[in-house]
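A short worksheet on the structure shown next.
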Amino acid sequence: MLTLATDLDALTRFGRALADPIRCRVLLALREAPAYPSDLADRLGISRTRLSNQLACLRDCGLVVTVPEGRRTRYELADARLGHALDDLRTAVVAVATDVTCPDADEKHCC
């Protein structure tokens, strides 16, 4: 059963998804167009197993959905507004000191 996430929960899920560079790349690719896992893996230059794990996390976060197409499954963003949010985040100005790293940078996050 699908439920709607609260505002805070939705932001937390989105933040955790963006904490991993591969998941970011997957979201940006799906922002452009829905895709099949094998095509995504080839496009991003990663193994299908690794991609499968990242897609599962994004699915669990509620950011992507699967669309069955015969024997294949296509992935797409769960909501078109996520693509707009990604665009806004990519173009936002962020002030970052070059000699400081994020304290959570070494932690592994998944939704």
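Compared with the alpha-carbon gap, the fully stretched path from Glu32 to Ala78 is longer by 15.2 nm at 0.36 nm per residue. Highest-first packing order for the peptide set 49-59, 63-73 is 49-59, 63-73, based on the mean count of other beta carbon atoms within 10 Å.
As a calculated quantity, the FRET efficiency between Asp9 and Asp60 at R0 = 22 Å, using C-beta atoms, amounts to about 0.95. About the centre of its Cα atoms, segment 7-100 shows a dipole size close to 380 debye [charges on the beta carbon of Lys, Arg (+1) and Asp, Glu (-1) only; nearest 20 debye].
All of the numbers you see were taken from the coordinates with simple rules; none came from a lab. The structure presented is a predicted model; accordingly, all values stated were derived computationally and were not measured. Note: ideal-geometry Cβ built from the backbone for every residue, glycine included; neighbour counts use all protein chains shown.
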